[in-house]
Amino acid sequence: MCAGDGLDEIDILDLLGLLADKSLVVADTSAERERYRILESTAAYALEKLVASGERDAMARRQAEYFRDQALATDERFGTGSTFAWVAGVELELDNDRTALTWSLTQGNDAVLGGAIAGALGWLWNNAGLAVEGRYWISLALERVSEAEQPHVAARLREALSVLSFGQRRHDEAERATELYALAGDARGSARAQNQLAWALFQMGRLDEAKATVEQALATSRACRDTWNVADCLGKKGGIEFVRGDVGTAREVYAQALAAV
């Protein structure tokens with residue numbers, strides 16, 4: 001829980017300070033933003049009251065929706081600064097995300113909501129050493145989300161799973177993600193999935209196809225002004241050119257990638 005998350009009716013800082021004074025919450029002031037953790041005894045009491053009032057499910061949904069929105073927002077910010085700082089920031093809410101994923105997916109309350117969270121955390125699963133957990137949540141969501149009814153949610157899940165996979169599995173997931181993004185009318189998403197498809201083709205030794213695919217992704221990303229994917233595509237293209245033996249072109253493309261960041 002963060003101080004200053006938008007409660008307008010009351011002074012949330014004063015309330016949290018009062019609760020901390022009464023030892024009902026624990027304050028952590030070591031980071032840039034103060035964070036507060038409810039004691040287990042307080043949480044158990046609050047849960048008992050929520051169940052008795054019949055409001056537990058409604059509150060659980062509100063929490064899950066809030067952290068879905070947060071996950072989507074952080075997914076959009078990935079690649080705009082330090083990856084280390086991005087991961088550190090997203091990890092702060094990981095326990096809350098897991099609670100929302102459990103409610104929505106494991107307990108079967110809202111697969112689409114849970115799928116949105118699991119997919120939006122794709123870069124966290126990959127960069128925080130949580131690939132096994134990420135594949136678990138993503139696979140659980142894909143079993144429950146209809147690709148026909150929710151192509152965009154399914155596309156982000158497939159794209160995230162491709163990043164967490166290698167070779168043929170990466171290829172198949174990225175290819176399906178590209179198709180689903182196109183079905184949803186998301187050109188930027190389709191280009192990002194194509195980027196992963198190109199790298200899968202590279203891993204499989206299909207260099208000519210990899211080059212053609214990454215160039216197509218690059219052109220679309222430039223048209224969409226997706227700076228992050230432009231730089232990433234250029235980095236992959238440089239790697240492909242290097243393995244193809246064209247060191248001079250690889251050096252030029254790597255320089256373009258650095259300039260695009």
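The values are calculated or read from the model by the stated rules, or taken from the named source; none is laboratory data. Small disclaimer: the values here were computed from a predicted structure and weren't measured. Here the Cβ positions follow ideal geometry from the backbone for every residue, glycine too, while neighbour counts run over all protein chains shown. Side chains included, ligands, DNA and RNA excluded: accessible areas come from the protein's heavy atoms. Shrake-Rupley method; radii C 1.70, N 1.55, O 1.52, S 1.80 Å.
Hey, with R₀ at 45 Å, roughly what FRET efficiency would D95 and A259 work out to, going by the Cβ-Cβ distance, to 0.05?
E(calc), rounded to 0.05, equals 0.70.
Once you place label points 7 Å from the Cα toward the Cβ at D208 and A131, how far apart are they in nm?
With each label point 7 Å from Cα toward Cβ, the separation is 3.0 nm.
Output ³J(HN,Hα) for the stretch 227-236: one whole-Hz value per residue in order, computed from phi by the Karplus curve 6.51 cos²θ - 1.76 cosθ + 1.60 with θ = phi - 60°, and x for Gly and Pro.
My calculation for the stretch 227-236 gives 4, 4, 6, 4, 5, 5, 4, 4, x, 5 Hz in order.
State in Å² the accessible area per residue of the stretch 56-209; use a 1.4 Å probe, count heavy atoms of protein chains only, and round to the nearest integer.
Here the residues of the stretch 56-209 average 45 Å² of exposed surface.
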